[in-house]
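These notes are about the structure you will find just below.
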Amino acid sequence: MIVKNVEKKENNKATFQVEVDSAAFEDAVNKAYLKKKDSIYIAGFRKGKAPRAIVEGMYGSDVFYQDAMDALGPDAFGFGIDDAKLEIVGAPTLDDMKLGDDKTLTYTFTVELYPEAVLGQYKELELEKDKPEVTDEQLSEQLESVRKRNARMVPVEREAQMGDTANIDFDGYLNGERFDGGKAEGYSLELGSNSFVPGFEDQVVGMKAGEEKDVNVTFPENYVENLAGKDVVFKVKLNALTMPEYPELNDDFAKDVSEFDTLEEYKEDQKKQMLDAATKQAEGRYRSDLMRLAARNMTAEIPQVMIEDKVTELVRNYAQNFGVRTDDIPREKLAEMLGIDEEAMNQTIRPAAESQVRVEIMLKAVVKAENIEVSQEDGDAYIAKIAEEYGGKPEDLTNFYGRDYIIDEYKKEKAGDLIVSTAKDVPGKKLPEDEPKAEEKAETEEKAETEEKPAKKPAAKKTAKKAEDGEEEKKPARKTAKKAEDKAEE
């Protein structure tokens, strides 16, 4: 193959031609014949036994040309970008495919190129790092949470109150007829949890064990289609009633929930754990803000296809968090399932995607500018570490992603480390407000209020909020190592 007429154009695009010689084309034609011959019937020959010349004589000499051209295309494209050393993004466009009289085949491709970045300041950036504290109020809230988790449920003989757990049977009717998913027996419902249709729990309050009652509710407009906005009746029976009995905060409590002998020791440990977690979060925010600031200082014309690919990745990640298998589901369908409308897409997902892409481009430019390399030994250790973190095997990781990809991600991580190590913690210096942080832009859309209702429904819609995951340098090798193991097992 020969690559010719490589021409870089505006908007990060390039065109090039790949010429395939007649011998290679003839070989592809013959392979096309061999692939199809078993399905060809010619009078006088058994099916699949007609010679190629006979088939071409009957159907035309070019009968296998298109199949040959289609088969050669991917190899020609791959050869072209390698030979011309083009780093592309997105899918290529085949502009032309021309077969000459001498059976020389010429493809013309158009591709979008990875953007050329001009770095701005990325060392010695100045931003304030949050210095978290744990207040007495926060510690009290944490201890109260532990108390609630260790509560003992005790039966009560009285009318139901908010905070009680009611064991109920219920049977739902729409227009006098039962509807699917509206019936259950022995269901434990925490009154006041707002886990049922609005108004349902309020009407259980006041019932006594053994009592039966009709509960009238109206499903929200954003519920499943056949019940949305409908008035229904639930026939409810209260079987039993329990209430939580919380342990006292004392030394015995500390001994029950921890390895400590006194409450004071336990409180100190909880405070330390809370401070450690808050400090780690603050360091993560600081790193993320530094990456965004360095990316903002960079000049680059970002192809739209990179942003759209990142949008798709974010939507798929959200869906996977909710246990949805995304393999064959289009992005638009996934967004609909998650309750992400076009407004949410434009206000939260797409800005976060663009920010992440800018960070990735910036980090790659820093790797090049700083000539960051990874030795074979360090690369092996990095891959082993990630595999161990996710319970996988190094070979599964490299087989799935490819070693080069993982090492490139490691280099970008080291570039991020460089930016952080040279940064200055300057009190009062915040990320400029001309580009709000992702968490500030990602206002929570209307949440589905019907996650666990008497009638079963599809997974509750979740809107895209705080699209900050991965806003700093992307680390797919870390985040998706488990996928590699799962894929390998398949």
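The values are calculated or read from the model by the stated rules, or taken from the named source; none is laboratory data. Keep in mind the model is a prediction, meaning the values are calculated, not measured. Note: ideal-geometry Cβ built from the backbone for every residue, glycine included; neighbour counts use all protein chains shown. Surface accessibility is based on the protein's heavy atoms, side chains included, excluding ligands, DNA and RNA. Shrake-Rupley method; radii C 1.70, N 1.55, O 1.52, S 1.80 Å.
Taken over region 210-245, the criterion of being more than 18 Å from Ala184 (Cα to Cα), of a type outside the set (Val, Ile, Thr) and within 39 Å of the chain's Cα centre (by Cα) is satisfied by Pro220, Glu221, Asn222, Tyr223, Glu225, Asn226, Ala228, Gly229, Lys230, Asp231, Pro244.
Among the conditions (1) within 30 Å of Gln121 (Cα to Cα); (2) among the polar types (S, T, N, Q); (3) surrounded by fewer than 22 Cβ atoms within 10 Å (Cβ to Cβ), the only one that Gln356 does not satisfy is (3). Against the list (1) surrounded by 16 or more Cβ atoms within 10 Å (Cβ to Cβ); (2) over 33 Å from the mean Cα position of the chain (by Cα); (3) assigned to a strand (DSSP E or B), the condition Lys98 fails is (1). Within region 132-161, the only residue that satisfies the criterion of being assigned to a loop (DSSP other than H, G, I, E, B) and either among the basic types (Lys, Arg) or closer than 30 Å to Asn226 by Cα (or both) is Arg158. Taking residues in region 186-198 that are touching a residue at least 40 places away in the same chain (Cβ under 8 Å), and partners anywhere that are assigned to a loop (DSSP other than H, G, I, E, B) and surrounded by fewer than 16 Cβ atoms within 10 Å (Cβ to Cβ), the pairs with Cβ atoms closer than 6 Å and at least 6 places apart or on different chains are Ser195/Glu452. Filtered by the rule that a residue be free of Cβ contacts under 8 Å to residues at least 12 places away in the same chain and either in contact with a Phe, Trp or Tyr (Cβ under 7 Å, 6 or more places away or on another chain) or surrounded by 13 or more Cβ atoms within 10 Å (Cβ to Cβ) (or both), region 199-228 gives Asp202, Ala228.
Taking (1) open to solvent by 70 Å² or more (accessible area, probe 1.4 Å); (2) assigned to a helix (DSSP H, G or I) in turn, Leu363 satisfies each apart from (1). What is the residue count in region 135-182 for residues that are among the polar types (S, T, N, Q) and open to solvent by less than 50 Å² (accessible area, probe 1.4 Å)? Of the residues in that region, 3 qualify.
Only a single criterion out of (1) in a helix (DSSP H, G or I); (2) in contact (Cβ under 8 Å) with a residue 40 or more places away in the chain; (3) farther than 29 Å from Val111 by Cα; (4) touching a helix residue (DSSP H, G or I) at 6+ places or on another chain (Cβ under 8 Å) is not satisfied by Ala319, namely (2). Test Lys9 against the stated conditions and say whether it is within 30 Å of Ala117 (Cα to Cα), loosely packed, with under 14 Cβ neighbours inside 10 Å and either of a type outside the set (S, T, N, Q) or in contact (Cβ under 8 Å) with a residue 60 or more places away in the chain (or both). So Lys9 passes the test. Scanning region 339-348 for residues being part of a helix (DSSP H, G or I) and surrounded by fewer than 22 Cβ atoms within 10 Å (Cβ to Cβ) gives a total of 5.
Residue-level check: of (1) open to solvent by 80 Å² or more (accessible area, probe 1.4 Å); (2) part of a loop (DSSP other than H, G, I, E, B); (3) over 30 Å from Gly172 (Cβ atoms); (4) not hydroxyl-bearing (Ser, Thr, Tyr), Phe260 misses just (1). For region 332-365, a residue qualifies if it is at pLDDT below 85 and under 12 Å from Met291 (Cβ atoms), but none of them does. Asn194 falls short on exactly one of the conditions (1) open to solvent by 40 Å² or more (accessible area, probe 1.4 Å); (2) modelled with pLDDT of 90 or more; (3) more than 30 Å from Leu263 (Cβ to Cβ), and that condition is (2).
When Val3 is tested against the conditions (1) within 30 Å of Val367 (Cβ to Cβ); (2) part of a helix (DSSP H, G or I); (3) touching a Gly at 6+ places or on another chain (Cβ under 7 Å); (4) not aromatic (Phe, Trp, Tyr), the lone failure is (2). Identify the residue in region 12-41 that is open to solvent by 80 Å² or more (accessible area, probe 1.4 Å) and in contact (Cβ under 8 Å) with a residue 24 or more places away in the chain and, among all such residues, is farthest from the chain's Cα centre (by Cα). Within region 12-41, the match that is farthest from the chain's Cα centre (by Cα) is Glu26. If you go through region 368-377 and pick out every residue that is touching a residue at least 24 places away in the same chain (Cβ under 8 Å) and over 11 Å from Leu119 (Cα atoms), you end up with 4. Under the condition of being part of a helix (DSSP H, G or I) and open to solvent by 20 Å² or more (accessible area, probe 1.4 Å), the residues counted in region 322-338 number 5.
Being modelled with pLDDT of 80 or more, open to solvent by 40 Å² or more (accessible area, probe 1.4 Å) and of a type in the set (Phe, Trp, Tyr) is a property that Tyr382 lacks.
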